[in-house]
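Here the structure comes first, spelled out in structure tokens, and everything after it is commentary.
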Amino acid sequence: MVKGMQLSTRVQTIAEGIVGRLGRVSLLEVLVELGWVHENNVDRWRRGEVDPLSAATSVDEDKLLEAAVLFEDWGRDRFNAFYDVPHVSTTRDRRILRFTADKDSDRLHLRYTTDKYRALVEASRPDLEVLEAKAGFECAECRRPDDWVMMDAGTAICTSCADLDHLVFLPAGNATLSRRARKESGLTAIAIRPDPRRRGRTRRLGILVEPDALERAEQQCFDDEELRARRRVKDAERRELLDEKFVQQFTTEVRLLFPKIPAERAGAIAQHTALRGSGRVGRSAAGQALDERAVRHAVVASVRHEDTDYDALLMKGVPRQEARDRIWQRIDEVLTSWS
């Protein structure tokens with residue numbers, strides 16, 4: 001994006017990129033990628049430590065509302081359905097969070113989604129969170145120690161005071177068991193630990209679930225373990241064949257979109273984008289459907305890293321959005337030469 005690009009274009013470009021990766025997008029995610037609010041402050045907002053969110057943004061409330069209007073206009077043209085699902089806190093009171101002090105509106109909570117992810121958006125609700133307690137922790141309400149801490153409007157309380165002390169801890173590591181236990185449990189909480197190497201970031205340790213729910217989930221896993229083992233073998237064989245075919249198809253789409261791109265470069269982009277488990281656009285719903293926007297996004301990402309000094313700018317400490325603004329003209333030149 002060239003420097004000084006209109007806000008409407010920036011909002012649309014960012015929103016399209018997120019939809020390409022995730023199949024859905026919210027205004028909050030756009031604000032983060034605009035660089036107006038840091039993810040750490042979003043986490044603090046969800047824990048009730050910041051209220052409203054505008055207290056931690058780099059722009060004023062009028063600018064937030066302007067972005068919200070542009071996001072709404074883009075989404076209504078792009079999708080048949082929209083959702084104004086309120087953002088709620090991860091604290092025990094599950095209160096609706098505010099973006100602004102006195103100008104909040106439904107459009108600030110807007111989310112758009114492809115049909116595949118519609119049910120997830122309609123049911124979206126952030127998980128309760130508990131933090132691993134540090135040595136010597138003492139609950140702010142009952143003054144007793146505990147293994148877990150819940151932040152409630154900036155106050156650290158124990159699981160008993162948070163009405164979660166009847167739950168049991170299930171460590172991360174068995175995705176099937178965790179998914180089933182969570183589905184069976186009427187009340188759950190995500191257990192996390194602050195990452196000492198990355199300030200403001202956390203690492204997921206597992207979940208807290210109801211004891212009966214965990215027993216039912218364990219029985220379900222025991223009953224169909226042999227079937228799931230056979231299915232894993234078949235799925236691995238099928239993925240290997242599908243991946244090879246997908247790389248060929250993605251390469252073809254790249255060359256159709258950019259006829260003058262070197263064949264080796266098109267193949268390299270396809271292989272890099274389609275790498276399983278990478279989280280790249282090639283693994284997204286749009287990428288798997290060979291959507292033109294997803295293919296273009298993959299080529300742009302390749303040019304950004306291979307044909308510009310973007311990575312060097314990041315290493316020098318240049319903010320991500322500013323670095324993108326600086327190199328967008330060079331990206332445009334490369335893409336034009338391949339068109």
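Assorted remarks:
- Cα shape, the range 161-229, gyration tensor, a/c 1.5 rule: oblate
- Estimated inter-spin distance, ARG143 and ARG78, nm [label 7 Å along Cα→Cβ]: 5.4
- Nearest-0.05 FRET efficiency for VAL88 and HIS305, computed from C-beta distance (R0 45 Å): 0.75
- Converting the Cα gyration tensor eigenvalues of the range 172-276 into ellipsoid dimensions via √(5λ) gives semi-axes, longest first, of 40, 23, 10 Å.
- Peptides 21-34, 322-335 ordered by packing proxy, namely the average of other Cβ atoms within 10 Å per residue, highest first: 21-34, 322-335.
- Cβ-Cβ FRET estimate between ASP235 and ALA268, R0 fixed at 25 Å, reported to 0.05: 0.40
- Cα gyration tensor shape of the range 1-58, rounded if a/c is under 1.5, else prolate or oblate by comparing a/b with b/c: oblate
- The range 152-192-the range 1-78 distance, computed between alpha-carbon centres (Å): 30
- Potential extension, ARG320-THR252 segment - 0.36 nm per residue separation minus Cα distance: 21.4 nm
- Virtual spin-label span in nm between ARG201 and VAL168, 7 Å along Cα→Cβ: 3.3
Where a number appears in this text, it was derived from the coordinates with a stated rule and is not lab data. Because the structure is predicted, anything quoted here is derived from the model rather than measured. Please note: Cβ atoms are built from the backbone with ideal geometry, for glycine as well, and neighbour counts cover all protein chains shown.
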